[in-house]
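Q: What follows is a structure written as structure tokens; I'll ask about it next.
The values are calculated or read from the model by the stated rules, or taken from the named source; none is laboratory data. Note that this is a predicted model, so its numbers are computed, not measured. Cβ placement follows ideal geometry from the backbone for every residue including glycine, while neighbour counts extend to all protein chains displayed. Each accessible area value is taken on the protein alone, full model and side chains, heavy atoms only, with ligands, DNA and RNA left out. Shrake-Rupley method; radii C 1.70, N 1.55, O 1.52, S 1.80 Å.
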Amino acid sequence: MTTLLRTLALTLHYAGLFAVDRVDLNVQPGSVHALIGPNGAGKTTLFNLISGLVAPTEGTVLFRGLDVTSLPADRRTALGLARTFQTSRIFGAMTVLENVLTGLQPRCFAGLIATVLRTPAFYREERALVARARDTLHMVGLSARADLPAATLPHGEQRLLEIARAIAPEPALLLLDEPAAGMNPAETAALANLVRRIRDLGTSVLLVEHDMGFVMDISDAVTVLNFGRCIFQGTPAAARQAPEVMEAYLGQKVAARLAARAPRMTV
Amino acid sequence: MPEWLDDFLWTYQNLVHALGINGLLALSMYVVLAVGQLSLGQAAFMGLGAYSSVLLTLKLDLPFLAVLPLSCVAPVLFALAIGVPTLRLSGVYLAIATIGLGEVLRAVYLNVDWLGGALGLSGIPGRAESWMIFGLLGVAILALWAVGRSAIGRAMAAIREDETAAQVMGINLARYRLGALLASAVLAGLAGALGAHSSSFIGPNEYGFEPAVTILSFALLGGIGTPLGPVVGAWILTLLPEVLRGFSDLRLVFNGVIIVLAVLFLPEGLLALRMRRHAA
Ligand SMILES: Nc1ncnc2c1ncn2[C@@H]1O[C@H](COP(=O)(O)OP(=O)(O)O)[C@@H](O)[C@H]1O
Ligand SMILES: [Mg+2]
């Protein structure tokens, strides 16, 4: 079994700060892999490096055995990489269905001429895209919302829509950045089921999440980041026992108490 | 053609042609705005089309139906030269790179003898027919409408809303932006050739910064929800000075006010119709 995603000594240096510091990450196909760590540990930055929105200072990203380090984000998406964002970035002015159709861009092949001339092939592709988009909306439970402007959805449904948009083209790997943030317990439980279904349908999942119950419940593997460094990689059960993980989180609690006194910016 | 229509077209030929040509110019602005970019070079592209078409007509005496497509060559080459380096980057680089283009080309037209200098080029045969102008306008509206309601149109809408998210959807931003700029150069080049062959004279002052602002105000007034919006905006701004004769000195002020009002109060344009892309 070849590793689906590998980072080799992946490093991003911001002025005076290693946001990601020599991270070696291995995500196996068919797995749900959790990436955890205190705020500011570099989880979102690592996602940006993997998805190609930010170029690393050093290191390599291998996806499906290919060196994608110098590929732009859109090319990585075409190879089967998908992601959501920590704060939703749905297309608010489009309808829910149009959002998912836009996510199907890797499956759009109709050229300019076929599009302008409205050839039978154009209609065939468009019908297939709409069918796939509706199936995906059904899977996340948003069928009834298909024709609403996406901006009018409540928060939890916007997060589900962003997941639907990402999984519509059946990517090999899905990156979820804090998908349960702001969800109530019922929504979080439904999300856990959805993540399992996504994995069972053949999309591996790498997710950042602070809800430890959620992480322990659905993950096959856990990687812990602290100050940009990978401090642990193993099973969820082993992560629970590891002293270095406890330390990172206890340190975080103290830090949070201190930071609560001063206004803070989240990136 | 019924006699009354013939008479009408004869009397108002200049105005009728201006409506069609300004419609094409509005569409050339629209395609750029539709991928979230701003170009201030539309009048310059039009000028390149106008000057090259007139040279082909006057020096080589090519038939006008051959001149028309060839008039797009120079605008497209300039669009490539400006677009390739600027459209890889996100931001206002295209606007900055095009802001001076019209004025630079004006200086060239003024100082190059075989381009007519300050006198411009005159004795242009009136070969642009209404059917050509409105035929091209109709085709352009239909083509842009078809593109708007397709995966390509969805990609353009995605780029307008959120470039980062669009890129993560697998959309190659530079390719769409450059494609839009090239389409816009073609439309402006055609409009330039048609305009030049509707009047007997072209001069260096017709394609500078001022007309570029006018073209922008067409699209901002009409909005970019559908390709019809900018065309209607162009028609309103073409007809108004005819209706309000005597105020023609205030034209530029008027266009400026429209831009400010449109940006402040009508971000989606006068025809606040959203582009509906319901597929199949
Ligand atoms: N654009 C940026 N410029 C400078 N520093 C940044 C930038 N983005 C993130 N950082 C810093 O990098 C570190 C990691 O941030 P981030 O990846 O968002 O953490 P996490 O997602 O684990 O909470 C933080 O210290 C953050 O302040
Ligand atoms: Mg984060």
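Q: Among the numbered conditions (1) more than 14 Å from every other protein chain (Cβ to nearest Cβ); (2) open to solvent by 10 Å² or more (accessible area, probe 1.4 Å), tell me where A:Leu79 comes up short.
A: It fails just one condition, (1).
Q: In the range A:96-111, what count of residues is obtained for those that are of a type in the set (S, T, N, Q) and either closer than 15 Å to A:Asp135 by Cα or more than 7 Å from chain B (Cβ to nearest Cβ) (or both)?
A: So the count comes out to 2.
Q: Right, something else. Look at B:Phe218 and say whether it is of a type in the set (Phe, Trp, Tyr) and either surrounded by fewer than 23 Cβ atoms within 10 Å (Cβ to Cβ) or in contact with a His (Cβ under 9 Å, 6 or more places away or on another chain) (or both). Even if it seems obvious, please write down each step before you answer.
A: Working: of a type in the set (Phe, Trp, Tyr): yes; either surrounded by fewer than 23 Cβ atoms within 10 Å (Cβ to Cβ) or in contact with a His (Cβ under 9 Å, 6 or more places away or on another chain) (or both): no.
No.
Okay, residues lined up against (1) aliphatic (A, V, I, L, M); (2) at pLDDT below 95; (3) closer than 16 Å to B:Leu24 by Cβ:
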| position | (1), (2), (3) |
| --- | --- |
| B:Gly179 | no, no, no |
| B:Ala193 | yes, no, yes |
| B:Ala196 | yes, yes, yes |
| B:Ile202 | yes, yes, no |
| B:Gly208 | no, yes, no |
| B:Pro211 | no, yes, yes |
| B:Phe218 | no, yes, yes |
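Q: With within 11 Å of another protein chain (Cβ to nearest Cβ), surrounded by fewer than 18 Cβ atoms within 10 Å (Cβ to Cβ) and within 25 Å of A:Asn48 (Cβ to Cβ) as the only criterion, which of A:Ala131, A:Ala114, A:Ala151 stands out?
A: After ruling out the rest, the residue left standing is A:Ala151.
Q: Something else now. Taking A:Val23, is it away from every other protein chain (no Cβ under 14 Å) and away from ligand 1 (no atom under 16 Å from the Cβ)? Show your work before the answer.
A: Working: away from every other protein chain (no Cβ under 14 Å): yes; away from ligand 1 (no atom under 16 Å from the Cβ): no.
The answer is no for A:Val23.
Residue-by-condition table, conditions (1) in a helix (DSSP H, G or I); (2) among the charged types (D, E, K, R); (3) more than 17 Å from the chain's Cα centre (by Cα):
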| site | (1), (2), (3) |
| --- | --- |
| B:Lys59 | yes, yes, yes |
| B:Leu68 | yes, no, no |
| B:Ala79 | yes, no, no |
| B:Pro85 | yes, no, yes |
| B:Ser90 | no, no, yes |
| B:Leu94 | yes, no, no |
| B:Val108 | yes, no, yes |
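Q: Can you spot a residue in the range B:89-99 that is open to solvent by 30 Å² or more (accessible area, probe 1.4 Å) and within 14 Å of another protein chain (Cβ to nearest Cβ)?
A: Narrowing the range B:89-99 to residues open to solvent by 30 Å² or more (accessible area, probe 1.4 Å): B:89-93, B:96-97, B:99.
Then keep just the ones that are within 14 Å of another protein chain (Cβ to nearest Cβ); that gives B:89-90.
Yes, that holds for at least one residue.
Q: State whether one or more residues within the range B:21-30 are open to solvent by 10 Å² or more (accessible area, probe 1.4 Å) and more than 20 Å from B:Leu137 (Cβ to Cβ).
A: So far as the range B:21-30 goes, no, none of its residues is open to solvent by 10 Å² or more (accessible area, probe 1.4 Å) and more than 20 Å from B:Leu137 (Cβ to Cβ).
Q: Given the condition within 16 Å of ligand 1 (Cβ to nearest atom), among the hydrophobic types (A, V, I, L, M, F, W, C) and open to solvent by less than 50 Å² (accessible area, probe 1.4 Å), answer yes or no: does some residue in the range A:165-178 qualify?
A: Yes, the range A:165-178 has at least one match.
Q: Then there's this: Please verify whether the range B:75-86 includes one or more residues that are of a type in the set (A, V, I, L, M, F, W, C) and free of Cβ contacts under 8 Å to residues at least 40 places away in the same chain.
A: Of all residues in the range B:75-86, those of a type in the set (A, V, I, L, M, F, W, C) come to B:76-82, B:84.
Keeping just the survivors that are free of Cβ contacts under 8 Å to residues at least 40 places away in the same chain gives B:77, B:81.
There is at least one residue in the range B:75-86 that is of a type in the set (A, V, I, L, M, F, W, C) and free of Cβ contacts under 8 Å to residues at least 40 places away in the same chain.
Q: Please go through the range A:119-144 and pick out each residue that is in a helix (DSSP H, G or I) and hydroxyl-bearing (Ser, Thr, Tyr). Break it down into steps so the answer makes sense when it comes.
A: So in the range A:119-144, the residues in a helix (DSSP H, G or I) come out as A:120-140, A:143-144.
Of everything in the range A:119-144, those that are in a helix (DSSP H, G or I) and hydroxyl-bearing (Ser, Thr, Tyr) turn out to be A:Tyr123, A:Thr136, A:Ser143.
Q: Checking A:Asp24 against (1) in contact with a Cys (Cβ under 8 Å, 6 or more places away or on another chain); (2) away from ligand 2 (no atom under 16 Å from the Cβ); (3) under 30 Å from B:Ala158 (Cβ atoms); (4) not β-branched (Val, Ile, Thr), which test does it fail?
A: The failed condition is (3).
Q: Sticking with this structure for a sec: Kindly indicate the residue of the range A:215-228 that is farther than 16 Å from A:Asp24 by Cβ, away from ligand 2 (no atom under 16 Å from the Cβ) and among the hydrophobic types (A, V, I, L, M, F, W, C) and also least open to solvent (accessible area, probe 1.4 Å) among those meeting that condition.
A: Restricting to residues being farther than 16 Å from A:Asp24 by Cβ, away from ligand 2 (no atom under 16 Å from the Cβ) and among the hydrophobic types (A, V, I, L, M, F, W, C), the top hit is A:Ile218.
Q: Testing A:Thr45 on (1) within 16 Å of ligand 1 (Cβ to nearest atom); (2) open to solvent by 10 Å² or more (accessible area, probe 1.4 Å); (3) within 14 Å of chain B (Cβ to nearest Cβ); (4) part of a helix (DSSP H, G or I), one condition comes back false. Which one is that?
A: (3)
Q: Just checking, does the range A:188-203 include any residue being within 15 Å of ligand 1 (Cβ to nearest atom), assigned to a loop (DSSP other than H, G, I, E, B) and more than 14 Å from chain B (Cβ to nearest Cβ)?
A: There is no residue in the range A:188-203 that is within 15 Å of ligand 1 (Cβ to nearest atom), assigned to a loop (DSSP other than H, G, I, E, B) and more than 14 Å from chain B (Cβ to nearest Cβ).
Q: Of all residues in the range B:6-17 being among the aliphatic types (A, V, I, L, M) and closer than 13 Å to B:Trp131 by Cα, which is least open to solvent (accessible area, probe 1.4 Å)? Break it down stepwise before answering.
A: In the first step, residues of the range B:6-17 are kept if they are among the aliphatic types (A, V, I, L, M); the result is B:9, B:15-16.
Those left that are additionally closer than 13 Å to B:Trp131 by Cα: B:9, B:16.
Numbers: B:Leu9: 39, B:Val16: 21 Å².
Step by step, filter the range B:6-17, then rank; the result is B:Val16.
Q: May I pose another question? Out of A:Pro56, A:Pro72, report the one residue that is at pLDDT 95 or above, more than 9 Å from every other protein chain (Cβ to nearest Cβ) and open to solvent by 10 Å² or more (accessible area, probe 1.4 Å). So that I can check it myself, show each step before the final result.
A: Working: A:Pro72 fails: more than 9 Å from every other protein chain (Cβ to nearest Cβ).
Just a single option satisfies the conditions, and that option is A:Pro56.
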